[in-house]
Amino acid sequence: MPTDSRFNRLPVSEKGLVSICIEGQTITALEGESVAAAVLQAGVRPSRTTPVTDSGRAPFCMMGVCFDCLMEIDGKPNTQACMTEVRDGMVVNIQRGARQVLGDDL
Amino acid sequence: MNSNQFDLAIIGAGPAGMSAASTAAKQGLKVLLLDEQPRPGGQIYRNIGSPALKDRQILGPDYYYGEKLLTAFSGAGVTYLHGATVWEVTTDNILYVSVKGESRRFEFNKLLIATGAQERPSPFPGWTLPGVMTCGAAQILLKTSGLTPPGPIVIAGSGPLLLLISCQLIRAGIKIDAILDTTPGKNYRSALPEFLGALKGWRFVLKGMRMLSEIRKAGIQQLSGVTGLSADQDESGNLSAVTYYDNKGHQQTLSCSSLLVHQGVIPNSQLTRSLGLAHVWDEVQKCWKPELNKWGQSSHPDILVAGDSAGIGGALAAELQGKLAVFEIVRQRDAGSATSGNNEIEQEKAIQELQQQLVIRPFLDRLYSPAEEFMSPPDETIVCRCEEVTAGEIRSLANDGCRGPNQTKAFCRAGMGPCQGRQCGTTVSSLLASELKASPAQVGYYNIRAPIKPLTLGELATIGNADSNC
Ligand code: FES
């Protein structure tokens, strides 16, 4: 039974590193890569649950088309993780179901 | 001309957009290039300005060829906005784009849509499970991050990209547990008459053969004629295995942690649709595409389309189409003046090269036409990933009298989620067509309306001060 869901990093060219926090776990990501890539490397699976049946999903297309990579990024719900670049100190959480409706971020 | 007005606005910085931008700048046009990604390249040359992988062998020369296009465009004096999501274009030559959470408004004389392709949505039971991703997604992860999926890895589907990603993973030293080829046997027969024509594009044929032999040499278990694909889940709801029928009709199950799927690519038509441009159903490529003349001119006099968003032709064709669209724009501008006709030689050359590029298509399109089970999947399959609507629900709506996708949308919400039908549009049209014994052309497609990407009210609110400088 497969257990490890972490993506593996091949040798990469010299790039800056940033620290981000995903579901409370601090990980090192490559400067310029997407949050979705960092989440896959961290092995966080699923990265969201659906509003309709609460089933798990993970990044599917990596190019902004499927919207299955929606996560809560720096407090902003339903953000496309594959279209967002990592930034040092970023806080990323699983998007659970539909977003909370709050006054200030309509 | 003020800073928000451009002779030519181009949407998409892939091969078509980059080549159009540098050609247009050379012709003296004031050019705006908008792209949703943080860096130019499109999907094919994604991250070409700062490739992640140390070992250039893995992605191979076809990828690094993009560096040439990038250099030409970088020095051309084009206004380039990255991270720029176009959410509306109006038919009176205005476009709205969201950049870093703020909306901006630009005016253009001509618009070139070069939004490329997306992978064909290929629904099968379990395709929404975490652990299933497209071959294109896996490739993007290689290009941008040097990441490879966790094993055991199974690759399933049909099309050149399936072979390409397999070879790239092999070169990276990654073990692929199995390749399940779903190309229907009948496709070989329907593609055969096109094979002689394809030989005129012998370079492509050779490339294909090389990939096949690379996979064979790696000793990967490769199965053809696979049907009945489905993904199974473990107790936590993640992918655990793939189940399928082999070509003898025996059901098999392979345990896996990653399942990479692919069924070819289709034009990304969200924007051309939202503009109400005329579209046609391509029965061979099994997709919708905008109706264009040979220069890429759409049904709107100021809007042209180039590259894969005009119909699938691949990266090199896209580059040439981008160029040709600009020559047409310049010809229209100069019509009647003494300077006209300057580009005729270059134009003629580009046309010939384009024909050469497309010579392989009739063969490829027939060979890799998706199997029926992905166009019209089993009832329990989710077709709309966002609203979790199944194929069975669409079928029963058809039997209850729904005649088109806009009607089913009203009843079951398929196509109303955040992806706005990008992942279900083609399937819903095909399902309705087969249920109603009509063609997708008769059944039609979703009406796509702006904003074509979800937008916060906050972003909309900034539109008042949108006339800012670049
Ligand atoms: S992974 Fe598909 S939109 Fe992000």
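The values are calculated or read from the model by the stated rules, or taken from the named source; none is laboratory data. Computed from a predicted model, the values in this text were never measured in an experiment. Methodologically, a virtual Cβ is constructed for each residue, glycine included, from the backbone with ideal geometry; neighbour enumeration extends over all protein chains shown. What goes into the accessible areas is simple: the full protein's heavy atoms, side chains included, and nothing from ligands, DNA or RNA. Shrake-Rupley method; radii C 1.70, N 1.55, O 1.52, S 1.80 Å.
Quick check: with the 1.4 Å probe, what order do B:Ser19, B:Ser74 take by accessible area, largest first? Show your work: numbers first, answer last.
On the way: B:Ser19 5, B:Ser74 80 Å².
I get B:Ser74, B:Ser19, largest accessible area first.
Kindly work out what percent of the DSSP beta bridges joining two residues of the range B:121-263 are antiparallel, to the nearest 5. Can you show the working numbers first?
Numbers: 10 of 25 bridges.
Antiparallel bridges: around 40 percent, rounded to the nearest 5.
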Residues of the range B:408-426 buried by at least 20 Å² on assembly (accessible area, 1.4 Å probe, chain alone as reference): B:Pro418, B:Cys419, B:Arg422, B:Gln423
Roughly how many percent of the accessible protein surface of the protein assembly as shown is carbon and sulfur, given a 1.4 Å probe and a whole-percent answer? 52 percent
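Please compute how much accessible surface disappears when A pairs with B, both sides summed, using a 1.4 Å probe, and round it to the nearest 100 Å². If you can, show how the numbers build up before the last one.
Details: alone 6810 and 20450 Å², together 23200 Å².
Counting both chains, the buried surface is close to 4100 Å².
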At most 12 other Cβ atoms within 10 Å and a DSSP loop assignment: could you name the trypsin sites (Lys or Arg not before Pro) in the range B:323-410 that fit? none
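Keeping every protein chain present and rolling a 1.4 Å probe, give me the accessible area per residue for the protein assembly as shown in Å².
Working: 23200 Å² over 576 residues.
Per-residue value: 40 Å².
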Give the distance, in whole Å, between the Cα centre of the range B:288-318 and the Cα centre of the range B:15-65. 19 Å
DSSP-assigned coil residues among chymotrypsin sites (Phe, Trp or Tyr not before Pro) in the range B:83-123, each with at most 16 further Cβ atoms within 10 Å: none
Computed lengthening from B:Lys217 to B:Glu353, 0.36 nm per intervening residue step minus Cα-Cα distance: 45.6 nm
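Between B:Lys26 and B:Lys54, what length in nm is gained on full extension when 0.36 nm per residue of separation is reduced by their alpha carbon distance? Walk me through the intermediate numbers first.
On the way: separation 28, 0.36 × 28 = 10.08 nm, distance 3.38 nm.
Stretched fully, the B:Lys26-B:Lys54 segment lengthens by 6.7 nm.
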Using DSSP to call loops (not H, G, I, E or B), can you name the chymotrypsin sites (Phe, Trp or Tyr not before Pro) in the range B:208-282 whose Cβ has at most 12 other Cβ atoms within 10 angstrom? none
Distance from a point 7 Å along Cα→Cβ of B:Asp334 to each backbone N in the range B:273-311: keep the residues under 18 Å and list them by number. B:295
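At 0.36 nm per residue, minus the direct Cα-Cα distance, what do B:Asp400 and B:Thr71 gain on full extension? Give it in nm, one decimal, please. Please report the intermediate quantities before stating the final value.
Numbers: separation 329, 0.36 × 329 = 118.44 nm, distance 5.64 nm.
Result for the pair: 112.8 nm of gain on full extension.
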